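Some notes on the structure that comes next.
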Amino acid sequence: QVQLVESGGGLVQAGGSLTLSCAASGITFRSSTIAWYRQAPGKQRELVATISSVSVTNYAGSVRGRFLISRENAKNTAYLQMNSLKPEDTAVYYCYCYLGMTDYWGQGTQVTVSS
């Protein structure tokens, strides 16, 4: 059974930092591309960042230079380090992977950035 469990969300002031974690189980983590998405109230879910099995990364333009995605295969965990946070980064952040023609999502973790 595939499980993705996010943690690390919270309330932070603008300009601050948070690091989210995504702990995976039930998958061959080291072979999987992992993505972070976010969904703000009243908006569609959007892709934030991806990291491939060989740690090639991609970022949405709105977070490039501020966010850093990484992975630690020994711990089956992916991370999203978020710096210089802005109020518009407020959203529920989700961990995602695609495996065996199936989408897998975590339950999400709330990030709130106050101005």
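Rounded to the nearest 20 Debye, what is the dipole magnitude of the chain about its Cα centre when Lys and Arg each give +1 and Asp and Glu each give -1 at the C-beta? Kindly include the intermediate steps, with their values, before the conclusion.
On the way: 9 positive and 6 negative charges, 30 e Å.
I would put it at about 140 debye.
Say R0 is 25 Å: what FRET efficiency, to the nearest 0.05, do Ala60 and Gln1 get from their beta-carbon distance? Spell out each step's value before the answer.
Numbers: r = 30 Å, r/R0 = 1.20.
For R0 = 25 Å, the calculated efficiency reads 0.25.
The Cβ shell under 12 Å around Tyr94 holds other residues with a net charge of -1, Lys and Arg each +1, Asp and Glu each -1. Label the range 15-64 by shape, choosing from rounded, prolate and oblate, from the square roots a ≥ b ≥ c of the eigenvalues of the Cα gyration tensor; if a/c is under 1.5 it is rounded, and otherwise prolate applies when a/b is larger than b/c, oblate when it is not. In terms of gyration-tensor shape, prolate. For the chain, a Gaussian network of Cα nodes joined below 10 Å ranks Val92, Val54, Val63 by mean-square fluctuation, and the top entry is Val54. Provide the percentage of antiparallel DSSP beta bridges, counting only those with both residues in the chain; round to the nearest 5. The antiparallel fraction comes to roughly 90 percent.
Restricting to Cα pairs below 8 Å that are 6+ residues apart, what does the relative contact order work out to for the chain? Please round to a whole percent. Mind showing how you got there, number by number?
Working: 277 pairs, mean separation 41.4, N = 115.
Rounded, it is 36 percent for the chain.
The HN-Hα couplings worked out from phi for the range 81-94 by the Karplus form 6.51 cos²θ - 1.76 cosθ + 1.60 (θ = phi - 60°) are 8, 10, 10, 6, 5, 10, x, 6, 7, 4, 4, 8, 9, 10 Hz, whole numbers, x standing for Gly and Pro.
From the P(r) of the range 10-115, could you give the percentage of C-alpha pairs in the tail past 22 Å?
26 percent
Under 5 Å between amide hydrogens, built in the peptide plane, is the criterion, and for Val48 it picks out Trp36, Tyr37, Arg38 among residues at least 5 positions away or on other chains. Taking amide H as placed 1.01 Å from N in the peptide plane, the amide H of Thr90 sits under 5 Å from that of Val113, each at least 5 places away or on another chain. Computed extension length for Thr19-Ser114: 32.5 nm, one decimal, from 0.36 nm per residue of separation with the Cα-Cα distance subtracted. A 1.4 Å probe, protein heavy atoms only, puts the accessible area of Arg38 near 10 Å².
3J(HN,Hα) couplings calculated from phi for the range 48-54 with the Karplus curve 6.51 cos²θ - 1.76 cosθ + 1.60 (θ = phi - 60°) are, in sequence order, 9, 6, 9, 9, 7, 5, 10 Hz; Gly and Pro show x.
With pairing defined as another cysteine C-beta under 4.7 Å, the cysteines of the chain that fail it are Cys97.
Across the range 26-33, coupling constants 3J(HN,Hα) worked out from phi with the 6.51/-1.76/1.60 Karplus curve, θ = phi - 60°, read x, 10, 7, 4, 5, 9, 9, 7 Hz, and Gly and Pro carry x. Once you reduce the range 66-115 and the range 4-30 to the center of their Cα atoms, the two points are 5 Å from each other.
The values are calculated or read from the model by the stated rules, or taken from the named source; none is laboratory data. Remember, predicted model here, so these are calculated numbers, not experimental data. Here Cβ is always computed from backbone atoms with ideal geometry, including for glycine, and neighbour counts include all displayed protein chains. In case anyone asks, the SASA skips ligands and DNA or RNA and just uses the protein heavy atoms, side chains included. Shrake-Rupley method; radii C 1.70, N 1.55, O 1.52, S 1.80 Å.
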